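Everything below concerns the one structure shown next.
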Amino acid sequence: MAQSLPVLSLLALPACSGERGGGLAVPGQPTIVSLNPCTDAILAEITGPDQLLAISHYSKDPNASSMAAGDAARFNATGGTVEEVLALDPDIVVASTFIAPATRAALEDMGFRVETFGGVSSVEESIEQIRKLASVAGNPAAGEALAARIEAALDNAALSGTKLEAALWQPGGIVPGEGALVSDLLRRTGFTSYSLVRGMAQADYLSLEQVVSDPPDVLLVAGSEAGQEHPALDSVPQMRRETFDPGLLYCGGPTIIRASQRLAQIRQAAS
């Protein structure tokens, strides 16, 4: 149990939004607050009733969330402050590996167990992360169930035959690197990487001029910069252009299911 803050500090805490949280978890399952947007969606699927006390505020932002809005709305959210966590008094705080050292130290000094998780670069790494989170949450069976759903979705999305070259144009006009999770998903759903073939690395800039002069088979537009919506793209012969939700780019877990389904849909339409 964490130490208490003065009453005035607790009264000053920002209010949390949402409908869930603050209840008692199933006996043997620890209560959790997630400060990591990429663990939010996983924990939402592998925790029991009232076990996940809050998710990160990023998951409430449609422009930043990998969760569906309806799923995120079921949970409280925090801005990630020590005071908010203390008010919720979870057994475990799940954070990013980028958590500020001072924040982590403060949480641990107050008696909270802090578990950190980084980004994943492949489906295998994501499934391993799911299993670790499920172990932390005391519900390994739910982790295995989610892993099985991901594997089934990938099996359904796998397409045989000639691969199509795809350029994924992310927000800011950049491309993903070979080690990005979304690059793994592209390979698994019938695409080859436009940027890899041209020696482009993670976050390299892809210009409108390059797309027009050296087009891919499929251009996946996940940004909204002026160049990514330029009328010149309409006249590029034999290039199919599709939108791709930026919320599917960065996180693993159940996001893999939606991303693989979308990529398979695009691949089938382009065949």
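The values are calculated or read from the model by the stated rules, or taken from the named source; none is laboratory data. Small disclaimer: the values here were computed from a predicted structure and weren't measured. All Cβ positions, even for glycine, are placed from backbone atoms using ideal geometry, and neighbour counts span all protein chains on display.
Considering GLN265, GLN261, the condition of being at pLDDT 95 or above, under 22 Å from ARG149 (Cα atoms) and exposed (fewer than 14 other Cβ atoms within 10 Å of the Cβ) is satisfied by GLN265 alone. Against the criterion of being surrounded by fewer than 20 Cβ atoms within 10 Å (Cβ to Cβ), on the phi > 0 side of the Ramachandran plot and out of contact with any helix residue (DSSP H, G or I) (no Cβ under 7 Å at 6 or more places or on another chain), ALA203 qualifies. Examine region 50-72 for a residue that is over 16 Å from SER34 (Cβ atoms) and at pLDDT 95 or above, and state whether such a residue exists. Looking for residues that are over 16 Å from SER34 (Cβ atoms) and at pLDDT 95 or above, one finds none in region 50-72, hence no. Scanning region 127-144 for residues that are over 14 Å from GLY252 (Cα atoms) and free of Cβ contacts under 8 Å to residues at least 24 places away in the same chain turns up SER135, PRO140, ALA141, GLU144. Within the span defined as region 31-47, one or more residues are touching a strand residue (DSSP E or B) at 6+ places or on another chain (Cβ under 6 Å), at pLDDT 95 or above, over 17 Å from GLY252 (Cβ atoms) and surrounded by fewer than 24 Cβ atoms within 10 Å (Cβ to Cβ).
Pick out the one residue from VAL175, VAL182, VAL197, VAL123 that is surrounded by fewer than 19 Cβ atoms within 10 Å (Cβ to Cβ) and touching a residue at least 24 places away in the same chain (Cβ under 8 Å).
Result of the check over VAL175, VAL182, VAL197, VAL123: VAL197.
Considering region 157-271, the qualifying strands (runs of 3 or more DSSP E), each wholly inside and each with 2 or more residues that are basic (Lys, Arg), run over 240-243. A single member of PHE75, PHE112, PHE98, PHE117 is touching a strand residue (DSSP E or B) at 6+ places or on another chain (Cβ under 9 Å), closer than 19 Å to PRO30 by Cβ and without any contact (Cβ under 8 Å) to a residue 60 or more places away in the chain, and it is PHE75. Contact annotation: residue pairs with Cβ atoms under 8 Å, 6 or more positions apart or on different chains, pairing a residue in region 224-240 that is more than 20 Å from ALA269 (Cβ to Cβ) with a partner that is among the hydroxyl-bearing types (Ser, Thr, Tyr) and at pLDDT 95 or above, are GLY227/SER207. Scanning region 244-271 for residues that are of a type in the set (Phe, Trp, Tyr) and closer than 15 Å to VAL123 by Cβ turns up just one, TYR250. Comparison of VAL212, VAL182, VAL136 shows that the only residue that is modelled with pLDDT of 95 or more and not assigned by TED's automatic domain parsing to the domain that holds LEU249 is VAL136.
One residue stands out among those in region 88-97 that are crowded, with 22+ Cβ neighbours inside 10 Å and hydrophobic (A, V, I, L, M, F, W, C): the one that is farthest from the chain's Cα centre (by Cα), which is VAL93. Among the criteria (1) outside any helix (DSSP H, G or I); (2) of a type in the set (A, V, I, L, M, F, W, C); (3) closer than 21 Å to VAL182 by Cβ; (4) out of contact with any Gly (no Cβ under 9 Å at 6 or more places or on another chain), the one ALA147 does not fulfil is (1). Candidates are the residues of region 231-258 that are farther than 13 Å from CYS38 by Cβ and small (Gly, Ala, Ser); the one that is surrounded by the fewest Cβ atoms within 10 Å (Cβ to Cβ) is SER235.
Looking at the structure I just gave you, is GLY118 surrounded by fewer than 21 Cβ atoms within 10 Å (Cβ to Cβ), farther than 24 Å from GLU144 by Cα and not acidic (Asp, Glu)? No: the conditions fail for GLY118.
For region 220-271, enumerate the residues that are on the phi > 0 side of the Ramachandran plot and touching a Cys at 6+ places or on another chain (Cβ under 6 Å).
Of all residues in region 220-271, those on the phi > 0 side of the Ramachandran plot come to 238, 253.
Answer for region 220-271, where residues must be on the phi > 0 side of the Ramachandran plot and touching a Cys at 6+ places or on another chain (Cβ under 6 Å): there is none.
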